[in-house]
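Structure record follows, encoded as structure tokens.
The values are calculated or read from the model by the stated rules, or taken from the named source; none is laboratory data. On a predicted model such as this, the values are computed, not experimentally measured, just so you know. Neighbour counts are summed over all protein chains in view; Cβ atoms, including those assigned to glycine, are modelled from backbone coordinates with ideal geometry.
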Amino acid sequence: MNPNPSKTPAPAAVRRRAKVLAVTSGKGGVGKTFVSANAAAALAKRGLRVLVLDADLGLANLDVVLNLYPKTTLHDVFTGKARLEEAILPAPGGFSVVLAGSGMVEYSRLTAEVREQFHQVIQTLLPRFDVIILDTGAGISDVVLYALSLADEILLVATPEPTSLTDAYATVKVLAAQQRRQSIRLLINQTLKMGDGRAIAGQLQRVVDRFISGPSGTPVRLVHVGDIPLDNAVREAVQRRQLLFATQPGCAAAVAMSGLASRLEDFLVER
């Protein structure tokens, strides 16, 4: 018992854990990693503590997009050569990253050890940030699906190309069946004109309504969170290995990315 109740310290404020957003795609080449990095920068500009974790353990390329040459990577953490704190690096744009680095092909299959290590990394990071973005691999491998299972929200990136939409549909089908997901955020990248993304999202939703159902027959909802227009500034930023906001912050794609960050903040951050 405290002998002097009047001097009992007030309880410390409870720190909310980060919300985890997994950015994924049904196929490669749709701009998933570019979206992850630039969305992180846009969220950081809004005052949030953001970390991007390269969860594409087999074909990591977040370091290439950000022009980073890390001395410590997730590979070092998994092999016990470094502590996780040493792998948390500052990135251009005001956010943090944990990079997978090279030499992680052995982690492209989900073993019990990889599962445990990956889960422990996420749990350790949760209290330190407001938002954690998992930049996953493309497709529906067991490693990708496990990373998605750790996320509070999933952002599925697709382009207007038929192959991308077909693979996006396959991803939704697996997530509904295996993870009982009832709501998936959808971003359409590389749209040609205003309104294309909403129309494409509507078409995909109608196919999902016809062939996919969630738990107990409930509908699976695709939440269209925006479009990123086809913009030469994006190609230039990728070639320069820079964030879009560093090269042409006023271009159409950067403006769209800022709008995306605003909508992401609405459901990722508790008020």
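So, in the range 32-67, exactly how many residues are closer than 21 Å to THR163 by Cα, more than 9 Å from the chain's Cα centre (by Cα) and at pLDDT 95 or above?
1
Does ILE132 satisfy being over 13 Å from THR24 (Cα atoms), crowded, with 21+ Cβ neighbours inside 10 Å and either among the small types (Gly, Ala, Ser) or at pLDDT 95 or above (or both)? Before the answer, list the steps.
Working: over 13 Å from THR24 (Cα atoms): yes; crowded, with 21+ Cβ neighbours inside 10 Å: yes; either among the small types (Gly, Ala, Ser) or at pLDDT 95 or above (or both): yes.
Answer is yes for this residue.
Output the number of residues of the range 241-261 satisfying the condition of being over 14 Å from ALA40 (Cβ atoms), part of a helix (DSSP H, G or I), touching a residue at least 12 places away in the same chain (Cβ under 8 Å) and not small (Gly, Ala, Ser).
Of the residues in that region, 1 qualify.
Of (1) in contact with a Ser or Thr (Cβ under 9 Å, 6 or more places away or on another chain); (2) in contact (Cβ under 8 Å) with a residue 40 or more places away in the chain, LEU264 satisfies all except one. Which?
(1)
Please indicate, with yes or no, whether at least one residue in the range 196-205 is under 24 Å from SER149 (Cβ atoms), touching a residue at least 24 places away in the same chain (Cβ under 8 Å) and not charged (D, E, K, R).
yes
On the basis of being modelled with pLDDT under 95 and charged (D, E, K, R), does LYS7 make the cut?
Yes.
Here is a list of conditions, (1) over 22 Å from the mean Cα position of the chain (by Cα); (2) basic (Lys, Arg); (3) part of a helix (DSSP H, G or I), and ARG198 meets all of them except one; can you say which number that is?
(1)
(1) crowded, with 24+ Cβ neighbours inside 10 Å; (2) more than 13 Å from the chain's Cα centre (by Cα); (3) within 30 Å of GLU161 (Cβ to Cβ): which one isn't true of LEU74, the others all being true?
It fails just one condition, (3).
Residue-wise test of (1) β-branched (Val, Ile, Thr); (2) farther than 16 Å from LYS32 by Cα; (3) modelled with pLDDT of 95 or more.
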{"residue": "ILE88", "(1), (2), (3)": "yes, yes, yes"}
{"residue": "ALA91", "(1), (2), (3)": "no, yes, yes"}
{"residue": "VAL97", "(1), (2), (3)": "yes, no, yes"}
{"residue": "SER102", "(1), (2), (3)": "no, yes, no"}
{"residue": "ARG109", "(1), (2), (3)": "no, yes, no"}
{"residue": "GLN123", "(1), (2), (3)": "no, yes, yes"}
{"residue": "LEU126", "(1), (2), (3)": "no, yes, yes"}
{"residue": "GLY139", "(1), (2), (3)": "no, no, no"}
{"residue": "THR159", "(1), (2), (3)": "yes, no, yes"}
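Can you tell me which residue in the range 211-254 is surrounded by the most Cβ atoms within 10 Å (Cβ to Cβ), limited to those that are among the polar types (S, T, N, Q) and within 30 Å of LYS173 (Cβ to Cβ)?
By that ranking, first place goes to SER213.
Go over the candidates LYS71, LYS45, LYS32 one by one and state the one that is out of contact with any helix residue (DSSP H, G or I) (no Cβ under 8 Å at 6 or more places or on another chain), closer than 22 Å to ASP130 by Cα and not polar (S, T, N, Q). Talk me through it step by step, then tell me what you get.
On the way: LYS71 fails: closer than 22 Å to ASP130 by Cα; LYS45 fails: out of contact with any helix residue (DSSP H, G or I) (no Cβ under 8 Å at 6 or more places or on another chain).
Testing whether each residue is out of contact with any helix residue (DSSP H, G or I) (no Cβ under 8 Å at 6 or more places or on another chain), closer than 22 Å to ASP130 by Cα and not polar (S, T, N, Q) leaves just LYS32.
Select from the range 197-254 the residues that are of a type in the set (Asp, Glu) and closer than 18 Å to ARG185 by Cα and list them in ascending order.
Selection gives ASP209, ASP227.
With in contact (Cβ under 8 Å) with a residue 40 or more places away in the chain and not small (Gly, Ala, Ser) as the only criterion, which of LEU110, LEU68, LEU89, LEU43 stands out?
Only one candidate qualifies: LEU43.
Please verify whether SER141 is out of contact with any His (no Cβ under 6 Å at 6 or more places or on another chain) and closer than 28 Å to VAL172 by Cβ, treating the condition exactly as stated.
For SER141, the condition - out of contact with any His (no Cβ under 6 Å at 6 or more places or on another chain) and closer than 28 Å to VAL172 by Cβ - is met.
Can you name the condition, by its number, that ALA42 falls short on among (1) touching a strand residue (DSSP E or B) at 6+ places or on another chain (Cβ under 8 Å); (2) among the small types (Gly, Ala, Ser); (3) not in a loop (DSSP other than H, G, I, E, B)?
(1)
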